[in-house]
Amino acid sequence: LFSKERKPSQGFLTEKPDQQGLVEGKASEIRFSESLNKLVLQGNVTLYDHDEEASFASEKADLFFNQKDELEMIIAYGNVKLTQPKRSSISDRVDFDYIKEIVTLTGNATLKEVDQLEISSSIIRMHMDEDKGMVESGQSTPVRMKTKIDVQ
């Protein structure tokens, strides 16, 4: 079990100030590479980002830190499930980039937004903040999408 502070998004506060910027997780095995400033979690990995209200479940995850020991990137591998209040996804890999605020789902990716749409593709990119609404696929990558349409 570990908990680590990350650099919070500018101007973004969680409902619980004592948890601002906090990422918690557990795994069967946790290793730290000081030379790479990287934390490696393996086996039954679960992570929770309090700011983004994002839960991860995967087989392996690499967490990368900058020189100030702030979390910049999480890359999760193997049957990755990512859940936020308004959306959920499954894929082979997820890159959670805190610098660009972009989430990239790779390999057998499916994204579901609550009561709105479902997208399947080999690559899906989306904004970290669910309310920003950006979702895109890779260039020349086939996409299958279902959406709910209200008819009045």
Right, Ser58: touching a Leu at 6+ places or on another chain (Cβ under 6 Å), touching a residue at least 24 places away in the same chain (Cβ under 8 Å) and either under 14 Å from His127 (Cβ atoms) or among the hydroxyl-bearing types (Ser, Thr, Tyr) (or both) or not? no
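Residues are listed down the side, and each one gets a yes or a no for (1) touching a Pro at 6+ places or on another chain (Cβ under 7 Å); (2) modelled with pLDDT under 90; (3) open to solvent by 30 Å² or more (accessible area, probe 1.4 Å); (4) not charged (D, E, K, R):
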site	(1), (2), (3), (4)
Asp51	yes, yes, no, no
Ala57	no, no, yes, yes
Leu63	no, no, no, yes
Tyr77	no, no, yes, yes
Pro85	no, no, yes, yes
Go through the stretch 40-49 and report how many residues are of a type outside the set (Gly, Ala, Ser) and surrounded by fewer than 17 Cβ atoms within 10 Å (Cβ to Cβ). 3
So how many residues does the stretch 117-129 have that are in contact (Cβ under 8 Å) with a residue 24 or more places away in the chain and not aliphatic (A, V, I, L, M)? 4
If only one of Val114, Val94 is β-branched (Val, Ile, Thr), without any contact (Cβ under 8 Å) to a residue 60 or more places away in the chain and either open to solvent by 70 Å² or more (accessible area, probe 1.4 Å) or at positive phi (or both), which one is it? Val114
Checking Leu63, Leu71, Leu105, Leu41 in turn, the sole residue that is out of contact with any His (no Cβ under 8 Å at 6 or more places or on another chain), under 19 Å from Glu130 (Cα atoms) and in contact (Cβ under 8 Å) with a residue 12 or more places away in the chain turns out to be Leu105
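The values are calculated or read from the model by the stated rules, or taken from the named source; none is laboratory data. Small disclaimer: the values here were computed from a predicted structure and weren't measured. Cβ sites come from the backbone with ideal geometry, for glycine too, and all protein chains shown count toward neighbours. The area values use the complete protein model at the heavy-atom level, side chains included, leaving out ligands, DNA and RNA. Shrake-Rupley method; radii C 1.70, N 1.55, O 1.52, S 1.80 Å.
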